[in-house]
Amino acid sequence: MRPKAEVTTSRCRTRADLAVYEAPYDEAAGADGKWKRYKAEQTELLAVGRRGDAVLHHMKFVGIPDAVVAQMKASPAWADMEKMAPTLPYDVAVLGDACCRGWSPSGVG
């Protein structure tokens, strides 16, 4: 069972069926430029069908250590992560150009 979070949407409804995973979050100086590069590179990787590279790119962007990524790539779950790669742009769409500043699940409707 996936972890779920109960949130209130912008329409004042309570949702208990929204899974919230850690989206890229960075408020440091220069984060906007890194975020824009991430979005462009991710779009390019997925456009040419490089799902595994898109997952790897995402993991490195969010700061997962190389040793952990290597273990994940060697696991049977990696194939499922590659299958989910086309959903990575959904994080980008929800977050927009703000790099998550001020974002919270309560704004999801």
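Based on Cα contacts under 8 Å between residues 6+ apart, the stretch 26-100 shows a relative contact order of 50 percent. Under a model in which nothing but the beta-carbon of Lys, Arg (+1) and Asp, Glu (-1) is charged, the stretch 26-100 shows a dipole of about 200 debye around its Cα centre.
FYI, it's all coordinate maths here, none of it is from the lab. What you see is a predicted model; the values in this text were computed from it and never measured. Positions of Cβ are backbone-derived with ideal geometry, glycine not excepted, and every protein chain shown enters the neighbour counts.
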